[in-house]
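Read the structure below first, then the notes.
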Amino acid sequence: MKLAVIGFGNAGGKITDRLLEYESSTGRELCRFPAVINTANIDLEKIENIPPEYRILIGQTDERSKGHGAGADPDLGAEIAEQDRLEIERVLDQVPLHEVDAFLVVAGLGGGTGSGGGPVLASTLAERYGEPVYGLGILPSEDEGGRASLNAARSIPTYTEATDALILFDNNAWREGRDSVDVGYERTNREIAKRVVTLLAPGARDGSTVAENAMDASDINRTLSVGGVGTIAYAETDLDESTTRQQGLLGRFRPGDGTDGADAATKVHGLVRRAVRSRLTCPATVESAERALVVVSGPPREFSQKGLERARRWLETEIGSVEVLAGDDPREGSDTVSATILLSNVTDVPRVDRLQDQAVDAKENIEAQAADRDTAIEELVTDTDNELDPV
Ligand code: GDP
């Protein structure tokens, strides 16, 4: 699949940058057109892999932003995105539409620019173009506090409505105590990039190795067309060097069928099961998914059609759906075999419920604090017995 990818806000920009880095380091081609949009100039300057002409600063003329961000206020983020719509559309006019299968709008939902502006951009894309518009939304971790939860809980319904499907990544599920925030983000951004690129970019770059069971853009669009929220499962196995060399020789004589058909089938099936049982980009009850898509990626000699079919049927039973597609993605030089699984329209996502509860509490706290402050200010500036007439 070929995408026009647009990162909105700081997290959106950094993750888009990592998607480009991962695809080029693994010889894939996914992001046919990349751009980043932000209200903060300083964040745009940190982007490494996107040419300056596709880094768009919005809100420069807005008194409240002036190029310094949206202050974690999603209403301001949305307002600025609306105000500077023409600026954004000028860049979108450069998207080579005939080469693009879908749009992907990436944003962190706990701040202001991405959580407010991301959905505005997604709606603009949906109105202007016929291609599907997907979102990649990053949920804040619990230790970011009530304001971030409130921003995310308010953005989720708007973002879901504005996109054909919203894939979630939960920072809370992926935080690790020992990391500093920046190190943690670097690590998670690489994990996100690996999953998104592996899932959406199947197909050999130069066409030299043809997949036996190729996935194409229509399979991905079909899986995501049910809308709602999606999550990604992933597992990989490193191929030990000696096995790689040995199997490489045998593989020449029996391409595509592994060195041992039964063994390869068991491995592929096992890898898919392991992926589904491991940490999803956003934890969700797997059985609540409506559709799924499986991509097994690696050297073709590791593939097994039997294993893929067995894994596909197992997943169908697991989620109680007949809509599970599975394909392989030959990567001749790869030293890993991976299984990436998209679970679409998952309806049981405890983290989203929890975010909503936290958001309601946060909203009540914020309102109570504002009322207390008003009373305190009133008491401070007026005399105790109200004997004085203010001028
Ligand atoms: P914005 O620029 O106003 O959209 O705000 P940010 O993108 O800086 O932050 C929004 C949310 O994104 C935060 O609440 C964090 O949860 C998350 N976030 C920020 N930076 C990163 C990052 O590099 N990686 C990940 N995974 N999440 C991030």
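The values are calculated or read from the model by the stated rules, or taken from the named source; none is laboratory data. Quick caveat: nothing in here was measured; it's all calculated off a predicted structure. Virtual Cβ from ideal backbone geometry, glycine too; neighbours counted across all protein chains shown. For the accessible areas, the whole protein counts, side chains as well, though only heavy atoms, and no ligand, DNA or RNA atoms are used. Shrake-Rupley method; radii C 1.70, N 1.55, O 1.52, S 1.80 Å.
In the condition set (1) among the basic types (Lys, Arg); (2) closer than 27 Å to residue 304 by Cβ; (3) touching a helix residue (DSSP H, G or I) at 6+ places or on another chain (Cβ under 9 Å), residue 222 is compliant with all but (3). Test residue 19 against the criterion of being crowded, with 24+ Cβ neighbours inside 10 Å and away from the ligand (no atom under 11 Å from the Cβ), and give yes or no. Yes; evaluated as a whole, the condition is true for this residue. Among the residues making up the stretch 343-391, those that are farther than 20 Å from residue 149 by Cα and touching a strand residue (DSSP E or B) at 6+ places or on another chain (Cβ under 9 Å) are 343, 344, 345, 346. Write out, first by first residue and then by second, each pair whose Cβ atoms fall under 8 Å of each other, whose residues are 6+ apart or on separate chains, and whose first residue, in the stretch 179-201, is within 13 Å of residue 294 (Cα to Cα) while the second is assigned to a helix (DSSP H, G or I). What qualifies is 196/19; 199/220; 200/220; 201/23. Within the stretch 26-35, none of the residues are open to solvent by less than 20 Å² (accessible area, probe 1.4 Å), assigned to a loop (DSSP other than H, G, I, E, B) and touching a His at 6+ places or on another chain (Cβ under 9 Å). The sole residue among 341, 319 that is more than 21 Å from the chain's Cα centre (by Cα), open to solvent by less than 80 Å² (accessible area, probe 1.4 Å) and within 30 Å of residue 278 (Cβ to Cβ) is 319. For the stretch 156-203, how many residues meet the condition of being over 20 Å from residue 18 (Cβ atoms) and modelled with pLDDT of 95 or more? So the count comes out to 10. Residue pairs whose Cβ atoms lie under 6 Å apart, sitting 6 or more positions apart in sequence or on different chains, and linking a residue in the stretch 89-114 that is touching a residue at least 24 places away in the same chain (Cβ under 8 Å) to a partner that is assigned to a helix (DSSP H, G or I) and away from the ligand (no atom under 15 Å from the Cβ), are 101/217; 103/125.
Filtered by the rule that a residue be part of a loop (DSSP other than H, G, I, E, B) and out of contact with any helix residue (DSSP H, G or I) (no Cβ under 8 Å at 6 or more places or on another chain), the stretch 48-60 gives 51, 60.
Considering the stretch 87-179, the qualifying strands (runs of 3 or more DSSP E), each wholly inside and each with 2 or more residues that are among the aliphatic types (A, V, I, L, M) and within 12 Å of the ligand (Cβ to nearest atom), run over 102-108, 133-139. Give the stretch 61-86 a look and list any residue that's over 30 Å from residue 217 (Cα atoms), part of a helix (DSSP H, G or I) and open to solvent by 70 Å² or more (accessible area, probe 1.4 Å), or say none. Once the filter is applied, which keeps residues that are over 30 Å from residue 217 (Cα atoms), part of a helix (DSSP H, G or I) and open to solvent by 70 Å² or more (accessible area, probe 1.4 Å), the stretch 61-86 yields 75, 79, 82, 83.
Mind checking which residues of the stretch 186-201 are assigned to a helix (DSSP H, G or I) and more than 15 Å from the ligand (Cβ to nearest atom)? Matches in the stretch 186-201: 197, 198, 199, 200.
Considering each residue of the stretch 345-391, count those that are under 35 Å from the mean Cα position of the chain (by Cα) and over 30 Å from residue 323 (Cβ atoms), and give that number. Of the residues in the stretch 345-391, 14 are under 35 Å from the mean Cα position of the chain (by Cα) and over 30 Å from residue 323 (Cβ atoms). Yes or no: residue 173 of a type in the set (Gly, Ala, Ser) and over 20 Å from residue 289 (Cβ atoms)? Judged against the criteria, residue 173 is not a match.
Just one of the numbered conditions (1) open to solvent by less than 20 Å² (accessible area, probe 1.4 Å); (2) without any contact (Cβ under 8 Å) to a residue 40 or more places away in the chain is not true of residue 43: (1). Within the set 331, 301, 354, the sole residue that is open to solvent by 40 Å² or more (accessible area, probe 1.4 Å) and among the basic types (Lys, Arg) turns out to be 354. Pairing each residue of the stretch 280-300 that is outside any loop (DSSP other than H, G, I, E, B) with any residue that is among the aromatic types (Phe, Trp, Tyr), provided the two are 6+ apart or on different chains, yields C-beta distances under 9 Å for 296/303.
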